[in-house]
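This report refers to the structure that appears directly beneath it.
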Amino acid sequence: MRRADLATAELRVRLGALLRGLRAAVDRRAERTSAVRRPQVKELAITEQHARSVLHDAEQFAQRGRAYGPGTALGEKELEQLARLEHEAAGAGCALPSAILRARGLCDLELEILLLAAAPSLEPSFATLYAYLHDARNAGAASQFLAAEVIATGCEHERRIVEACGPFGILRSEGWMTTAGPDRGGLTGLRPC
């Protein structure tokens, strides 16, 4: 197998894990917006009804905290696939992209965040999913909020994500990612460099 084929195969495995986290986040968002009775309007504008639904979400967050999903950690089957790919790569005398990035100092969490940020560049449908989860049509880039929504499995994990996405985290401070557009706090777009 050629180096490009191995890299593509690894990317597909990792995108599968990312999609699992995205699917859970989309399901949670759909459940939250299901209370809006006029679906044709809820996509175009924030109505009073939508605002009241969002207010309910904010109250739930204040009382119970964030609802976490399954995250994007690789499952047993995906880890087995990657082990086979690593073995093939070693036989071909090359390394998988994740091994190269790890050798340059990135950890698994930072790799997940970098993939989240790069996914819309690989496939535009990710930008559409991100905009839906951000509740803003023009917010198709990854963000700190989106990383927590899709990747986090608990509050400590969320803290590490926020730290990694911040200006002093390795991803931004060492030039792996940059912010895109104006500073909007947790919704500021993050793009790979």
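The values are calculated or read from the model by the stated rules, or taken from the named source; none is laboratory data. The structure displayed is predicted, hence computed values, not measured ones. Here Cβ is always computed from backbone atoms with ideal geometry, including for glycine, and neighbour counts include all displayed protein chains. Each accessible area value is taken on the protein alone, full model and side chains, heavy atoms only, with ligands, DNA and RNA left out. Shrake-Rupley method; radii C 1.70, N 1.55, O 1.52, S 1.80 Å.
Counting 0.36 nm for each residue step from residue 78 to residue 57 and taking away their Cα separation leaves a gain of 4.2 nm.
Taking every alpha-carbon pair within segment 100-152, the share separated by more than 12 Å comes to 63 percent.
A simple charge model with +1 on the Cβ of Lys and Arg, -1 on the Cβ of Asp and Glu and nothing else charged puts the dipole of the chain at about 420 debye relative to its Cα centre.
Each stretch of four or more DSSP H residues adds -39500 (n - 2.57); spread over every residue of the chain, this sum gives -20000 deg cm²/dmol at 222 nm. Computed packing ranks the peptides 142-149, 72-79 as 142-149, 72-79, most packed first, by mean other Cβ atoms within 10 Å.
Using equal-weight Cα scatterers in the Debye expression, the normalised intensity of segment 62-171 in log10 at q = 0.11, 0.12, 0.21 Å⁻¹ is -0.42, -0.50, -1.24. For segment 119-151 and segment 1-31, compute the distance between their C-alpha centroids and round to whole Å. Their Cα centres are 14 Å away from one another.
Subtracting the Cα-Cα distance of residue 86 and residue 100 from their residue separation scaled by 0.36 nm leaves 3.9 nm. Shown are 5, 27, whose ranking by accessible area with a 1.4 Å probe and every protein chain present, most to least, is 27, 5. Considering only 56, 177, 147, and ranking their Cα positions along the charge dipole of the chain that arises from unit charges at the beta-carbon of Lys, Arg, Asp and Glu, the one farthest toward the positive end is 56.
Mean sequence separation of contacting Cα pairs (under 8 Å, at least six apart), scaled by the length of the chain, corresponds to a relative contact order of 24 percent.
Each residue, residue 159 and residue 66, gets one label point 7 Å from its Cα in the Cβ direction; the gap between the two is 1.3 nm.
Approximating the spin labels as points 7 Å out from Cα along Cα→Cβ, the residue 125-to-residue 19 distance works out to 0.7 nm. Scaled to the globular estimate 2.2 N^0.38 Å, the Cα spread of the chain, given as radius of gyration, is 1.10. Counting protein heavy atoms only, the chain has 56 percent of its accessible area on carbon and sulfur, 1.4 angstrom probe. Per residue, the solvent-accessible area of segment 46-193 (1.4 Å probe, heavy atoms of protein chains only, all protein chains present) comes to 55 Å². A simple packing score, the average count of other Cβ atoms within 10 Å per residue, orders the peptides 112-118, 62-68, 128-134 as 112-118, 128-134, 62-68, with the highest score first.
The H on the amide N of residue 180, modeled in the peptide plane, is under 5 Å from the matching H of 189, 190, 191, each at least 5 residues off or on a different chain.
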